[in-house]
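Below is one structure, written out as structure tokens; the observations come after it.
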Amino acid sequence: MYDKKKTLEVDRRNIWHPFTQMKDFESIDPKVIVRGEGVKLFDADGNEYYDTISSWWVNTLGHCNSRIAEGIKKQLDTLEHVNFSGFTHPFAAEFIDLMTGFLDKSLSKYFFSDNGSTAVEVAIKMAFQYWQNRKITNRTRFIMLDNAYHGDTIGAVSVGGVAEYHRLYKPLMFNSIKVQSPDCSSCPKRRSEFTMDASKCDCNLECFEHMEKAISGHADETAAVIIEPLIQGAGGMLNYPAQYLKKLEKAAKEHGVLVIYDEVATGFGRCGTMFAYEQSGTRPDIICLSKGITAGFMPLAVTVTTEEVYNAFYDDYFSHKTFFHGHSYTANPLACAAGIENLKILKRDHLPQSNRIAMEHFHDRLKDLRKYDFINDIRFTGFIGAIDIVKSRKNKTPFPPADRIGRKIYNISLNNGVVLRPLGDTIYFFLPLIVTVDDVDEIFNRTEKVLNDAISG
Ligand SMILES: Cc1ncc(COP(=O)(O)O)c(C=O)c1O
């Protein structure tokens with residue numbers, strides 16, 4: 001039914017894949033994936049793969065959820081798209097009506113776009129213009145964390161802190177204020193051998209002093225702080241305690257700085273609560289959401305803010321306060337239909353809380369990896385977990401970069417029916433909320449085999 005040979009021919013000839021050194025494909029063909037079901041993907045030869053990274057963190061309810069598929073099919077014959085500037089439609093309204101039941105009540109103004117990076121661009125421009133519209137023109141800069149990842153467009157890159165991805169583009173970037181990451185895995189004050197569950201951290205958060213200094217020292221020129229709540233994802237799945245956000249909220253309020261939460265990766269249940277920020281008892285001025293917003297079916301994003309921010313834009317046309325920003329696929333009705341069904345499922349099934357047993361079993365299987373000397377750190381928050389691979393934990397010896405151990409593990413994992421995609425030498429899991437205890441066991445049985453093969457081979 002699928003022409004695998006033709007797919008690979010065209011792929012080699014014409015396709016440039018994201019975040020991929022295409023030369024790596026010279027020796028290995030990319031897998032040709034033709035079907036997804038639950039936690040598994042299937043290739044053109046009928047091989048199965050546990051999708052442990054939820055297809056780049058978007059797929060929250062497993063593949064091909066039939067209710068979401070039905071919702072989109074119903075929408076297809078009614079309205080596929082309409083421009084959202086001047087028109088509205090019931091599908092956006094129903095989606096937002098459901099969303100308001102999940103987000104803090106203070107977050108009431110929704111701006112649609114279509115991916116995580118655009119949600120962040122919107123937040124950056126919104127925060128910047130908020131101050132300009134209020135004639136406070138010196139607040140133009142952003143405070144961000146080292147290891148931060150907020151997307152690949154130039155605004156998002158300008159508040160990014162992953163040297164490997166972002167360094168080269170410096171001449172194109174605006175100049176943000178970078179603060180040391182609160183990453184527990186590299187914290188010199190950490191008492192235990194492994195990070196484990198950072199939400200249970202009992203430290204005094206000495207690391208916050210860097211953020212405190214940045215906010216108090218740069219308040220006059222700062223529009224906003226942008227941060228990934230609880231976990232810095234692409235920076236290495238680095239987790240930090242929720243109390244950090246409490247301190248951040250207090251300091252930002254004291255100095256009148258806006259706070260942007262980027263929950264593009266952590267939102268929609270992945271951290272064990274609908275949104276990661278709920279675990280901190282704080283609320284942001286702006287929040288960016290995408291990825292799990294349609295459970296992986298359609299590209300959609302929202303940047304949500306408060307009445308206060310919104311009101312700074314609300315005026316007569318010739319006051320020149322309009323937010324001049326928009327994307328062609330804004331609030332696409334098919335994407336809204338997917339979002340509606342996704343939210344209905346999350347609400348009806350009380351996910352992610354109702355799946356705590358599988359989540360805790362996932363943590364237990366991660367903790368059990370302590371037995372291997374080649375694992376230097378273990379950490380998890382909700383359905384996200386990570387391990388760092390080293391030559392020897394006793395001596396903290398990393399693998400030489402030339403070994404590309406992460407890449408090697410990835411290649412071996414695909415031959416063992418499990419996707420272990422690395423971030424450098426970190427192997428991570430981004431499990432869907434519907435994963436079962438049996439799935440977790442199968443994923444970890446396969447993972448342990450892959451790791452042992454890679455290290456000994
Ligand atoms: C925290 C965070 N923000 C923004 C983005 C960018 O999202 P997208 O890839 O949809 O542009 C990502 C993507 O991984 C992310 O993890």
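The values are calculated or read from the model by the stated rules, or taken from the named source; none is laboratory data. Note that the structure is a prediction, hence the values are computed from the model and not measured. All Cβ positions, glycine included, derive from the backbone under ideal geometry; neighbour counts span all protein chains shown. For the accessible areas, the whole protein counts, side chains as well, though only heavy atoms, and no ligand, DNA or RNA atoms are used. Shrake-Rupley method; radii C 1.70, N 1.55, O 1.52, S 1.80 Å.
Side notes on the structure shown:
- Residue count, the stretch 260-283 (criterion: aliphatic (A, V, I, L, M) and either away from the ligand (no atom under 15 Å from the Cβ) or not assigned by TED's automatic domain parsing to the domain that holds Ile136 (or both)): 1
- Screening Ala338, Ala312 for residues that are within 22 Å of the chain's Cα centre (by Cα) and aliphatic (A, V, I, L, M) leaves exactly one candidate, Ala338.
- The set of residues from the stretch 53-81 being more than 16 Å from the ligand (Cβ to nearest atom) and part of a loop (DSSP other than H, G, I, E, B) comprises Leu61, Gly62, Cys64, Asn65, Asp77, Thr78, Leu79, Glu80, His81.
- Residue match in the stretch 413-425 (condition: over 21 Å from Val58 (Cα atoms) and surrounded by fewer than 19 Cβ atoms within 10 Å (Cβ to Cβ)): yes
- Subset of the stretch 426-457 [within 20 Å of the chain's Cα centre (by Cα) and open to solvent by 50 Å² or more (accessible area, probe 1.4 Å)]: Ile434
- Qualifying residue in the stretch 312-323 (condition: without any contact (Cβ under 8 Å) to a residue 12 or more places away in the chain, on the phi < 0 side of the Ramachandran plot and among the β-branched types (Val, Ile, Thr)): yes
- Qualifying positions in the stretch 145-197 - open to solvent by 100 Å² or more (accessible area, probe 1.4 Å) and within 15 Å of the ligand (Cβ to nearest atom): Glu164
- Of all the residues in the stretch 216-229, those that are away from the ligand (no atom under 11 Å from the Cβ) and buried (at least 22 other Cβ atoms within 10 Å of the Cβ) number 4.
- Taking each residue of the stretch 405-421 that is at positive phi and looking for partners that are open to solvent by 40 Å² or more (accessible area, probe 1.4 Å) and outside any helix (DSSP H, G or I) with beta-carbon atoms closer than 9 Å, six or more apart or interchain, yields Gly417/Lys40; Gly417/Asn47; Gly417/Glu48.
- Residue among Lys371, Lys291 that is basic (Lys, Arg), under 28 Å from Asp439 (Cβ atoms) and buried (at least 19 other Cβ atoms within 10 Å of the Cβ): Lys291
- For the stretch 244-258, the condition holds for no residue, the condition being that it is of a type in the set (Val, Ile, Thr), closer than 29 Å to Ile340 by Cα and either surrounded by fewer than 24 Cβ atoms within 10 Å (Cβ to Cβ) or out of contact with any Cys (no Cβ under 6 Å at 6 or more places or on another chain) (or both).
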